[in-house]
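Below is one structure, written out as structure tokens; comments come after it.
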Amino acid sequence: MSRKCARIMLPLAAVLAWTATAPAVEVVVKNDSFVEGGAAVIVGDFIPGEKAGVRLTSPCDGTIVAVQIAWLEGTPGHLFSLQQGIQIADGSTFPTPGTQWAYLEAPLLTPGYINEFRYIDEAGTVPLSVPVAQGQQFYVVLEFAEWTDVGSGGPSVIRDVDGCQAGKNVLYAIPGGWLNFCLFIQGDLVIRAVVECGDPTGACCLPDGSCADDLTVGECAAQGGLYQGDDSDCSLVSCPQPQGACCIPATGGCLDLTAAQCAVVGGVWAGAGTDCATYVCFPSGACCLPDGQCADDSTPEDCAALNGTFMGDGTTCDSVECPEPEGACCFHATGGCLVFTAEMCQVAGGDWMGPGTDCRDEDQSGVADACEECAGQLRGDANCDGSVNSFDIDAFVVALTNPAAWESQYGVLGCDLLCVADCNGDGAVNVFDIDPFVLLLVSR
């Protein structure tokens, strides 16, 4: 089998317009150094069933969406050449291709052009789409169905003129099988692939001073970050650290520092973007307590420890209105229960069980737990006369200071000490019941 070559100059007009219209994310992958208008050599001759191909390396994680084959004639005037097919295969081994990934049927090659193919079927309905990973090798191989006759000026594939790179060009000869094509030619075949790569990624310095890898420019910008360049890596990037208000308990002062600087001076950092001009380091104000009472000059932390609601820096109990506490409102006649304020419960004709109580029925008895134990007894009715009024004050004091004396005087009337005197519902009668008792007294 003879291999005849003819040096030619491929005219600029012969190159297809894909170079001007290809999407920006598409990368032409090639081994050859051929450029428009440069020198090239037509390679022949091939017989039906023989193959010529290249072994390429993907530049990214992407998808092979097209292949390109330069096809040139020595003597102008030749018609289209219908060849057998184009094979795309695994390039893990050389010179024999591995598993076939795709096969483009019956490519029609036009002399004088870099022919591009984007469909695997003759009808052009099934787009070529082969996923590849960055650094992965693959073959693009043209299988011949027609004879080529370079000596008579016929068209064929071409190669560049600056040497054949090892491990990148293959020939399937009849006879002979798969061979290293560099044994026969002195340049790289102009057979290429088009790989659609995703947008490039890199390191992104985020507003909080941290760094995120593998973000695109758009993804980085969407998070308010600063893109560090394509293929950059957080391990090699030093991101600027943001400043924020640093509250210093030891002095009661504030400085605008980075988080690291704040830690050095023993401060509490308020976060990126804050500043001492607008941030309140040591807030103090009114705290609304669960029983409806209000405490002045409370810090947010102290208020939270009391299960209260901090009303804001600079507020006072005179300037805020704390919500009335809610609790279980028992309707003993029906066994019902609703969570109301004391006033709402009185209007509804129920028995208010104190602030913070609820209508849970954890023993599944059908009666709310808060209502079950004290059915028929009013919380705050310390003298057991069926109402809560000023006559309960002395009895409540006895219950608080001498439970045994209370039991001998009022327990015999059928009242339970906890039911009537445990006004905050915590399971004990003590000084913490005084304010809830007063609230019950004035709300009924």
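Where helices (runs of 4 or more DSSP H) fall entirely within the stretch 198-312, those with at least 1 residues that are within 30 Å of Gly356 (Cβ to Cβ) and out of contact with any Phe, Trp or Tyr (no Cβ under 7 Å at 6 or more places or on another chain) are at 300-305. Looking across the stretch 1-32, the residues that are modelled with pLDDT of 95 or more and closer than 14 Å to Ile114 by Cβ come down to Val28, Val29, Lys30, Asp32. Name the residue, out of Gly85, Gly77, Gly176, that is of a type outside the set (S, T, N, Q) and in contact with a Phe, Trp or Tyr (Cβ under 8 Å, 6 or more places away or on another chain). None of the others qualify; the one that does is Gly85.
Test Val429 against the criterion of being assigned by TED's automatic domain parsing to the domain that holds Gly336, in a helix (DSSP H, G or I) and either closer than 24 Å to Pro325 by Cα or modelled with pLDDT under 85 (or both), and give yes or no. Write out each step before concluding.
On the way: assigned by TED's automatic domain parsing to the domain that holds Gly336: yes; in a helix (DSSP H, G or I): no; either closer than 24 Å to Pro325 by Cα or modelled with pLDDT under 85 (or both): yes.
Against the criterion (assigned by TED's automatic domain parsing to the domain that holds Gly336, in a helix (DSSP H, G or I) and either closer than 24 Å to Pro325 by Cα or modelled with pLDDT under 85 (or both)), Val429 does not qualify.
Among strands (runs of 3 or more DSSP E) entirely within the stretch 32-126, having at least 3 residues that are touching a strand residue (DSSP E or B) at 6+ places or on another chain (Cβ under 7 Å), of a type in the set (A, V, I, L, M, F, W, C) and in the same structural domain as Gly154 (by TED's automatic domain parsing) singles out 39-43, 51-57, 62-72, 85-90, 100-105.
Would you call Ala203 surrounded by 16 or more Cβ atoms within 10 Å (Cβ to Cβ) and either in contact with a His (Cβ under 8 Å, 6 or more places away or on another chain) or closer than 30 Å to Ala52 by Cβ (or both)? No.
Within the stretch 127-137, is even one residue aliphatic (A, V, I, L, M), modelled with pLDDT of 95 or more and in a loop (DSSP other than H, G, I, E, B)? The answer is yes, given that some residue of the stretch 127-137 is aliphatic (A, V, I, L, M), modelled with pLDDT of 95 or more and in a loop (DSSP other than H, G, I, E, B). Apart from one condition, Asp302 fits all of (1) touching a residue at least 24 places away in the same chain (Cβ under 8 Å); (2) more than 17 Å from Val438 (Cα to Cα); the exception is (1).
Inspect all residues belonging to the stretch 124-138 and state whether any of them is touching an Asp or Glu at 6+ places or on another chain (Cβ under 8 Å), closer than 17 Å to Glu50 by Cα, surrounded by 14 or more Cβ atoms within 10 Å (Cβ to Cβ) and not aliphatic (A, V, I, L, M). No, every residue in the stretch 124-138 fails to be touching an Asp or Glu at 6+ places or on another chain (Cβ under 8 Å), closer than 17 Å to Glu50 by Cα, surrounded by 14 or more Cβ atoms within 10 Å (Cβ to Cβ) and not aliphatic (A, V, I, L, M).
Within the stretch 159-181, restricting attention to residues that are assigned to a loop (DSSP other than H, G, I, E, B) and in contact with a strand residue (DSSP E or B) (Cβ under 7 Å, 6 or more places away or on another chain), the residue that is surrounded by the fewest Cβ atoms within 10 Å (Cβ to Cβ) is Gly167. Exactly one residue among Leu441, Leu417 is surrounded by fewer than 22 Cβ atoms within 10 Å (Cβ to Cβ) and touching a residue at least 40 places away in the same chain (Cβ under 8 Å), and that residue is Leu441.
The values are calculated or read from the model by the stated rules, or taken from the named source; none is laboratory data. Quick caveat, the model's predicted, so the values are computed rather than measured. Using ideal geometry, Cβ is built from the backbone for each residue, glycine included, and neighbour counts are taken over all protein chains shown.
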